[in-house]
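The values are calculated or read from the model by the stated rules, or taken from the named source; none is laboratory data. Nothing here was measured: the structure is a model prediction, and the numbers come from that model. As a convention, Cβ positions derive from the backbone with ideal geometry for all residues, glycine included, and neighbour counts pool all protein chains shown.
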Ligand code: SAH
């Protein structure tokens with residue numbers, strides 16, 4: 001006999017349902033299939049929060065849908081803005097009482113003023129236990145539904161009053177461990193019937209789940225991939241990424257190149273967090289460049305953001321530059337990613353147990 005899962009939460013949002021099924025779920029007669037397009041326009045362009053907002057649809061339908069299908073399932077529980085760089089951490093609450101954050105990264109001065117980004121969370125907690133990451137210390141509570149992933153954007157644009165140009169799955173959680181919900185979220189992000197983002201404006205970041213990277217390369221719409229590599233040999237990777245390193249670096253790179261091939265033209269970036277005395281020697285930089293050479297690979301050298309209770313330190317600025325120079329001298333595209341939002345613990349890897357932040 002099947003066990004009843006009585007307490008299993010399901011937000012039941014329209015945003016969790018693939019577009020192909022909207023007509024059936026909305027119970028539209030065949031002749032009224034065009035109404036799906038109207039609803040999509042209200043949801044993604046006009047940003048309706050309830051069906052009753054959709055003024056060009058029949059009142060009886062709107063009333064019925066409002067009773068059956070919530071359009072927004074998250075509550076915005078608070079926000080905090082960095083006085084230093086304007087980075088804003090948005091705290092959301094799910095219908096079953098979990099809290100998690102997304103991080104709004106404003107365009108940096110001097111760059112295109114309109115290039116704002118949002119770091120999305122894909123899970124509440126994380127099971128991958130990377131040694132340098134605050135999220136890895138938060139027990140996995142559950143996967144986020146696609147609606148809960150996508151709504152982070154809807155709320156963030158509304159609260160910040162800005163159009164978000166680029167989406168990064170770099171908040172809390174391992175996106176590829178929440179494969180199905182993330183896949184649908186990606187389709188909705190890329191679809192012209194949904195958010196309509198371009199391929200280069202969406203980046204999935206993974207600690208390196210090899211089977212899922214292969215799967216994604218076949219099933220997902222074109223998106224950028226960022227792989228958290230963080231080491232140039234398996235021994236060091238095992239120490240700092242004890243779970244993700246069950247797949248050897250060699251296998252991980254194979255999946256990365258497969259992704260690059262099948263997506264054609266998108267960027268595969270390798271994230272490399274520099275930890276003093278652990279993975280930052282010039283010898284390691286050489287080894288890393290040997291692994292990635294000739295593939296048009298990008299390396300994002302990440303400056304370690306301190307996490308309370310962790311033993312790691314960041315190398316000096318000079319040591320960071322020397323490491324990056326070894327890579328660029330050997331033909332690897334390198335960017336050193338400077339910390340953002342660290343004064344409000346909203347930097348990469350700092351999203352731990354949500355703390356109370358000021359209400360809206
Ligand atoms: N689970 C996914 C996405 C979340 S983390 C992944 O591992 O890619 C997003 C990026 O922040 C990853 O590259 C991660 O390794 C990095 N990161 C984790 N802890 C960090 C820290 N303390 N300082 C700087 N970057 C960190």
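Let's see how each residue does on (1) assigned by TED's automatic domain parsing to the domain that holds residue 138; (2) within 11 Å of the ligand (Cβ to nearest atom); (3) part of a strand (DSSP E or B):
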{"position": "305", "(1), (2), (3)": "yes, yes, no"}
{"position": "308", "(1), (2), (3)": "yes, yes, no"}
{"position": "320", "(1), (2), (3)": "yes, no, no"}
{"position": "323", "(1), (2), (3)": "yes, no, no"}
{"position": "328", "(1), (2), (3)": "yes, no, no"}
{"position": "336", "(1), (2), (3)": "yes, no, yes"}
Filtered residues of the stretch 294-304 (kept if closer than 17 Å to residue 231 by Cα and either over 24 Å from the mean Cα position of the chain (by Cα) or surrounded by 19 or more Cβ atoms within 10 Å (Cβ to Cβ) (or both)): 297, 299, 300, 301, 302, 304
Listing of helices (runs of 4 or more DSSP H) fully contained in the stretch 195-273 that carry 2 or more residues being farther than 28 Å from residue 320 by Cβ and within 16 Å of the ligand (Cβ to nearest atom): 210-219
Total residues in the stretch 23-58, condition assigned to a helix (DSSP H, G or I), within 24 Å of residue 155 (Cα to Cα) and touching a residue at least 12 places away in the same chain (Cβ under 8 Å): 10
Residue in the stretch 240-250 that is closer than 17 Å to residue 153 by Cα, crowded, with 23+ Cβ neighbours inside 10 Å and either free of Cβ contacts under 8 Å to residues at least 12 places away in the same chain or assigned by TED's automatic domain parsing to the domain that holds residue 278 (or both) present: no
Among the residues listed as 127, 131, the single one being within 14 Å of the ligand (Cβ to nearest atom), assigned by TED's automatic domain parsing to the domain that holds residue 241, touching a helix residue (DSSP H, G or I) at 6+ places or on another chain (Cβ under 6 Å) and closer than 21 Å to residue 228 by Cβ: 131
Qualifying residue in the stretch 306-322 (condition: within 21 Å of the chain's Cα centre (by Cα) and touching a residue at least 60 places away in the same chain (Cβ under 8 Å)): yes
Any chance residue 279 is assigned by TED's automatic domain parsing to the domain that holds residue 131 and either more than 13 Å from the ligand (Cβ to nearest atom) or closer than 17 Å to residue 227 by Cβ (or both): yes
Residue 294 vs. criteria more than 16 Å from the ligand (Cβ to nearest atom) and in a loop (DSSP other than H, G, I, E, B): yes
Selection from the stretch 251-267 of residues that are touching a strand residue (DSSP E or B) at 6+ places or on another chain (Cβ under 6 Å) and surrounded by fewer than 21 Cβ atoms within 10 Å (Cβ to Cβ): 260, 266, 267
